[in-house]
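Peer 1: Dropping the structure in here first, questions after.
The values are calculated or read from the model by the stated rules, or taken from the named source; none is laboratory data. Being a predicted model, the structure only gives us computed values, none of them experimental. Every residue, glycine among them, receives a Cβ derived from its backbone with ideal geometry; neighbour counts consider all protein chains shown. Note: accessible area is taken over every heavy atom of the protein model, side chains too, but ligands, DNA and RNA are not part of it. Shrake-Rupley method; radii C 1.70, N 1.55, O 1.52, S 1.80 Å.
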Amino acid sequence: MKRFLLPLLLLATAFCSAQEAEVKSPDGQLVVRVGTDNGLAYYTVMLNGQTVLHRSRLGFTADYGDFSQGLTLRDWKADAEDYDYVMTRTKASGAGVKAGVLTATFQNARQQPMQVEFKVKNRDVAFRYHLSPVSEGRPKSAVILSEASSFCLPEGTTTFLSPQSDPMIGWERTKPSYEEVYRADRPMTERSQYGHGYVFPALFSLPPAPSQGGEVWVLISETGVNGNYVGAHLSDYNPSSLREEAGSYQIAFPMPGENNGIGTTTAGVPLPCTTPWRTITVGTLADIVMTTISFDLVEPQYEASQQYRPGRYVWSWLIGQDESINYDDQVRFIDLAAAMGFEYCLVDNWWDQRIGRDRIEELSRYAQQKGVSLMLWYNSNGYENDAPQTPRQCMNTPQARDAEMAWLQRIGVKGIKVDFFGGDKQPTMQLYEDILYDANRYGLQVIFHGCTLPRGWERMYPNFVASEAVLASENVMFDEGAAKREPFDLTLHPFCRNATASMDWGGIIMNRYMATDNKSRHRRHTTDIFELASGITMQTSIQCVAMQPNNLGELPQFELDFLRQLPTTWDETHFIDGYPGRYVVLARRHGTQWYVAGLNAEPNTKKLTLQLPMLAGQTVSYYTDNRNGEPQLSTLKVDKQGRAKVEMQPNGGIILK
Ligand code: CA
């Protein structure tokens, strides 16, 4: 990694008037201005002269001072950054930060300072607050009561949002867990389902501006959240704001009822400190899909204790549910993983009771002989909810984790899945970090379920794999409504949930029916090629392939061959075509091999001419569905200009490789 700060800001990128400071992206197209208006601190964002955010508020209230009003802009300094870094487990193997930097210092009526730091990349804006002791070095600790930070989008903007749920509802009172339905193409004025606003990430489409070129999309999220702060979300749309003609969403802290009401909604911080980054990606859908802003501004929190292995896991529980958690079925799944060349087999809840610890040791030995490693499920535990599944009380204290993880390491288990967390209050954010830190000491990779959105964690924690934080595959199993919605969900997430962070959707599903006999209950509503392609469009460093042992004898050889060589780490990701919730085509590169994958959620055949410069002049393997939704493998010639004509069937997909 090379990292340097340019000592002097190029004057061209920092312009200051009496009341406003300005910072531009290196290409000059994205412009942020910061100032005050009647004592309220604000920022604005413009792309190529088009307003992306009207005056949106900056500030917070703390126990030691009110920084939400009575503010004046005291001074500012501008800078620039240019550095590259390496990633191993996200959408790209390398990324960089070339950004204009602005640090603005405001003061409140009591002359207490508040610093806001902005970084402006060509298509991303991020900002955070720097808090410092105010006078005579005191206070040295503070409570942040609320943030005034807001996002004031132009009138007519449409939304792609998932509501924040009521606390302590759902399965055994385990919500909120980022498992609500995203709604697409909705007006901002529509009230959220529960009246608690929306979870990150939040996707918006600006109304067309006739004088400007092209559509503008905005993805809002946050990154760098750990045990030093709370996880935030967006408030409901508030029609009144600094500007009369537009309203805004505001940063909202956790709800009092989360974690069974235990713990505050506020953040406790030592001074000096910095808050997490609020991130705003602006541009085309390609800019949204390809952004690395979640990872750009965070730092690894500890060294990896070893080189962690990406890969694929089989998972009996999706179709087999609790009944499949027995020794013999798990042997069959280990054999399946071995036959497919997969690295891992995840044994889900109740294994301590239904298989037992002694026989799990035996099972782990058996798996290792077959070249497969076990991953085991845990309940996060404690006071937060009523989830009854065991093992419990193994992950909620350092002593319990030490004992458990030492045992896991001794018997050769390589990963854990920890489920059912309490919410976004600060102690829960600390629990995620504690589990990850301890797991690294014992060589364990970690998947979280029933949990919050990971915020930069792929880079912060080298043994973090992915989180659920999505209305995931289990719902496709539970009810046919979700099975019918799967194409919508999986064509939305590349632009939103999965653009921000790795996602454990929980399975490329290969059974035709959601039952172990593969003929009862409801059917899967996607084609085989849709599912195979979703293995490329969904990003996580250990991908779940939720196939069943019976699929080995049922699927065409070319489907099995495809799954056997499915990569899960990517050097590059490119957006090719799509619209959130309707269809998506992405190209990802693993080593020298490109994979182009498309999914269609629309009711009609989608005929596209793709622009694939990376495959120009090549003849590639072409996986697609026929009109009956049956899988086909053929070849396709990409012309010298990189054009390829393809067809995606309804609920179908394509792969070119
Ligand atoms: Ca879940």
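Peer 1: Mind ranking Phe488, Phe67 by accessible surface for me, highest first, 1.4 Å probe?
Peer 2: Phe488, Phe67
Peer 1: Order 37-46, 501-510, 637-646 from most to least packed using the mean count of other Cβ atoms within 10 Å. Provide the component values of the computation, followed by the final result.
Peer 2: Values: 37-46: 19.5, 501-510: 25.5, 637-646: 15.3.
Highest to lowest by the protection proxy: 501-510, 37-46, 637-646.
Peer 1: If one takes the longest principal axis of the Cα atoms in the chain, at what angle in degrees, from 0 to 90 and to the nearest 10, does the Cα axis of helix 398-410 lie?
Peer 2: Helix 398-410 and the main axis of the chain meet at about 40 degrees.
Peer 1: Can you compute the FRET efficiency between Leu552 and Asp185 using 1/(1 + (r/R0)^6), with r the Cβ-Cβ distance and R0 = 25 Å? Round to the nearest 0.05. Provide the component values of the computation, followed by the final result.
Peer 2: Working: r = 41 Å, r/R0 = 1.64.
Approximately 0.05, to the nearest 0.05.
Peer 1: Give me the accessible area per residue for the chain, probe 1.4 Å, as a whole number in Å².
Peer 2: Solvent-accessible surface per residue comes out at 35 Å².
Peer 1: What number, in percent, do you get for the relative contact order of the chain if the mean sequence gap of Cα pairs under 8 Å and at least 6 apart is divided by its residue count?
Peer 2: Reported relative contact order: 11 percent.
Peer 1: Can I ask one more? By how many degrees, between 0 and 90 and to the nearest 10, does the Cα long axis of helix 357-369 differ from the longest principal axis of the chain?
Peer 2: The answer is roughly 80 degrees.
Peer 1: First compute the accessible area of region 530-657 with a 1.4 Å probe, then give the percent of it belonging to carbon and sulfur atoms.
Peer 2: 45 percent
Peer 1: Taking the simple approach of a point 7 Å from Cα along Cα-to-Cβ for both Cys273 and Asp479, what is their distance in nm?
Peer 2: About 4.0 nm separates the two model spin labels.
Peer 1: Between the helical axis of 426-441 and the dominant principal axis of the chain, each derived from Cα atoms, what acute angle in degrees is found, rounded to the nearest 10?
Peer 2: 50 degrees
Peer 1: Just need the relative contact order of region 589-645 here, percent rounded to a whole number, with Cα pairs under 8 Å and 6+ apart.
Peer 2: Relative contact order, region 589-645: 36 percent.
Peer 1: Using the C-alpha atoms of the chain, what convex hull volume per residue, in cubic angstrom, is computed?
Peer 2: Per-residue hull volume (Cα only) is 152 Å³.
Peer 1: Label Thr88 and Arg357 with points 7 Å out from Cα along Cα→Cβ: what is the distance between them in nm?
Peer 2: 3.1 nm
Peer 1: Report the equivalent ellipsoid semi-axes for region 367-478 in whole Å, largest first, defined as the square roots of five times the eigenvalues of the gyration tensor built from alpha carbon atoms. Don't jump to the answer; show the numbers that get you there.
Peer 2: Values: eigenvalues 87, 58, 45 Å².
Each semi-axis is the square root of five times an eigenvalue, giving 21, 17, 15 Å.
Peer 1: Rounded to the nearest 10 Å², what accessible area does Ser621 show when all protein chains are kept and the probe is 1.4 Å?
Peer 2: About 40 Å², rounded to the nearest 10.
Peer 1: Then there is this: Is it possible to state the helix-based mean residue ellipticity at 222 nm for the chain, with each DSSP H run of 4+ residues giving -39500 (n - 2.57), the sum divided by total residues, to the nearest 500 deg cm²/dmol? What is it?
Peer 2: -5000 deg cm²/dmol
Peer 1: Please go through region 236-313 and write out the GluC sites (Glu not before Pro) that DSSP classes as loop and that have at most 11 other C-beta atoms within 10 Å. Intermediate values should be presented prior to the final figure.
Peer 2: Working: sites: Glu244, Glu245, Glu258, Glu303; in loops: Glu244, Glu245, Glu303.
Sites meeting the loop and neighbour criteria: Glu244, Glu245, Glu303.
Peer 1: Starting from the residue with the highest accessible area, list Arg312, Arg173 in decreasing order, probe 1.4 Å.
Peer 2: Arg173, Arg312
Peer 1: Right, next: If you roll a 1.4 angstrom probe over the protein chains with everything in place, what fraction of the accessible area of region 345-390 belongs to carbon and sulfur, to the nearest %?
Peer 2: C and S fraction of accessible area: 40 percent.
Peer 1: Straight-line reach from Lys140: which aspartates and glutamates have a Cα under 20 Å away, not including same-chain ones fewer than 8 places off?
Peer 2: Straight-line reach from Lys140, under 20 Å: Asp63, Asp66.
Peer 1: Sequence neighbours fewer than 8 away in the same chain don't count; with that in mind, list the lysines whose C-alpha is under 21 Å from Lys24.
Peer 2: Correct list for Lys24: Lys77, Lys98, Lys119, Lys121.
Peer 1: Report in % the part of the accessible area of region 237-300 that belongs to carbon and sulfur, leaving out ligands and nucleic acids; probe 1.4 Å.
Peer 2: Of all accessible area on region 237-300, carbon and sulfur atoms account for 56 percent.
Peer 1: Using a 1.4 Å probe and counting only protein heavy atoms, arrange Glu343, Glu190 so the residue with the most accessible area comes first.
Peer 2: On the way: Glu343 25, Glu190 50 Å².
Reading off the accessible areas and sorting them downward yields Glu190, Glu343.
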